[in-house]
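Visitor: Sharing a structure, written as structure tokens. Questions coming.
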Amino acid sequence: MYQLLLKTTSLLSLPLARRIGRGLGALYYRLGKKRVHIARVNIDICYPELSPAEREQRVKQSFLEAGAWFMEAGPVWMWPREEILRHVSVKNIELYDRAVAEDKGVILAIPHLGNWEVMGPFVTRDNEFACFYKHNDKSPQFSAFLRNQRSRNGTVMASADASGIRLLYKHLKAGKIVGLLPDHNPSDAMGVYVPFFGRPTLTGTLVSALARKNGATVLTAAAIRTSKGFEIHFGEVDNQHCEDPELAASSLNKAIERCISLAPAQFQWVYPRFKKRPNPAEVQSPYRLARS
């Protein structure tokens, strides 16, 4: 069913797909109580300086943008690479070009912002690109379809486990490019608590661990939605080769915050980023606290 939807929406122009998507997003904002609640809590935490009306407007706008992202899936996954890239411009390309030229491997920290799926077609124009892939046992057919679509332009899909980490390391050792999504909750063993928008948040250490192995450069990469298509922004990330995991993770979060500031409404606010707490026995989940 979803495959048919993707093929159908790929026939639409990007502006029309987004317009339909924002309409769907507006409907979900009215009906999706659980997700709306999570987004409200996240935005309350991250933007306390805004008025309640301003924060609620940002919540609503985030659902419109999420709807646009949903309807962009057809064009981004189904169009030929050349057609996708016709809608892409780049900021700070010199950071990317310099990192690639060093031939020590490049890690792109790609937040769930704008449309991160655009990064595959962009990077694989002239470089080898690898990223994690998590199989969905509940929907194996769609999972296989999704993997095929993401790899059709040459992206190497690594399983989200120890063997996948080894594959990414080998990829970097060969001077190639790896993409990681650094803004979701890692396992307790793979993360440390450092500030994210001022709140201690479990943050992954894999980016810096991989970077230290062979001196790979770490950049943020965000594909922001614009009226003409997408604008990829590359940014620097400090302290990714240091031995202090908390300093490295804190610097990564600061870089992600800078990305989000480019287009706050386009971030995936429906994810419960603050669910894990350093002292859960003493501090209640902000999502449960807000409900009560």
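Visitor: Calculated FRET efficiency, residue 162 and residue 128, Cβ-Cβ r, R0 25 Å, to nearest 0.05?
Guide: The pair residue 162/residue 128 has a calculated efficiency of 0.70.
Visitor: Which one, 99, 75, 280, is farthest towards the positive end of the dipole of the stretch 2-291 when Lys and Arg carry +1 and Asp and Glu -1 on their Cβ?
Guide: Positive-end residue among those listed: 75.
Visitor: Would you calculate a helix-derived [θ] at 222 nm for the chain, using -39,500 (n - 2.57) for each DSSP H run of n ≥ 4 and dividing by the full residue count, to the nearest 500?
Guide: Numbers: 12 runs with 143 residues, N = 292.
Helix contribution divided over all residues of the chain: -15000 deg cm²/dmol.
Visitor: Going highest first, how would you order 151-162, 61-72 by mean Cβ packing within 10 Å?
Guide: Working: 151-162: 15.5, 61-72: 22.5.
Sorting 151-162, 61-72 by mean packing, highest first, produces 61-72, 151-162.
Visitor: HN-Hα J couplings of the stretch 202-216 from phi, Karplus 6.51/-1.76/1.60, θ = phi - 60°, integer Hz, Gly and Pro as x?
Guide: Residue by residue, the stretch 202-216 yields 5, 10, x, 10, 5, 4, 5, 4, 5, 4, 5, 4, 9, x, 4 Hz.
Visitor: Pairs to check: 176/228; 7/91; 7/60; 254/276; 104/170. Give those whose C-alpha atoms are more than 23 Å from each other in this structure.
Guide: 176/228; 7/91; 7/60
Visitor: Taking the Cα centre as origin and putting +1 on Lys and Arg beta-carbons and -1 on Asp and Glu beta-carbons, what dipole magnitude results for the chain, to the nearest 20 debye? Display every interim value, and only then the final one.
Guide: On the way: 40 positive and 27 negative charges, 225 e Å.
The calculated dipole for the chain is roughly 1080 debye.
Visitor: Further, regarding this structure: Which is farthest toward the positive dipole end of the stretch 130-269 among 206, 249, 224, measuring Cα position about the Cα centre, with Cβ charges +1 (Lys, Arg) and -1 (Asp, Glu)?
Guide: The listed residue farthest towards the positive side: 224.
Visitor: Just want to confirm a number: the relative contact order over the chain, from Cα pairs under 8 angstrom separated by 6+ residues, in percent. Kindly include the intermediate steps, with their values, before the conclusion.
Guide: Numbers: 514 pairs, mean separation 67.7, N = 292.
Computed value for the chain: 23 percent relative contact order.
Visitor: For the stretch 63-79, just list the computed ³J(HN,Hα) in residue order, Karplus coefficients 6.51, -1.76 and 1.60, θ = phi - 60°, integers in Hz, with x standing in for Gly and Pro.
Guide: Going residue by residue, I get 6, 4, 5, 5, x, 4, 4, 4, 7, 6, 4, x, x, 5, 8, 10, 5 Hz, with x marking Gly and Pro.
Visitor: Go through 73-83, 23-33 and give me the packing order, highest mean Cβ count within 10 Å leading.
Guide: Numbers: 73-83: 17.2, 23-33: 14.3.
My ranking of the peptides, most packed first, is 73-83, 23-33.
Visitor: Give, rounded to the nearest 20 debye, the magnitude of the charge dipole that the stretch 1-67 has about its Cα centre when Lys and Arg contribute +1 at Cβ and Asp and Glu contribute -1 at Cβ.
Guide: For this selection, approximately 320 debye.
Values in this text are rule-based calculations from the coordinates and carry no lab data. This one's a predicted model, so the numbers in the text were calculated from it and none came from an experiment. As a convention, Cβ positions derive from the backbone with ideal geometry for all residues, glycine included, and neighbour counts pool all protein chains shown.
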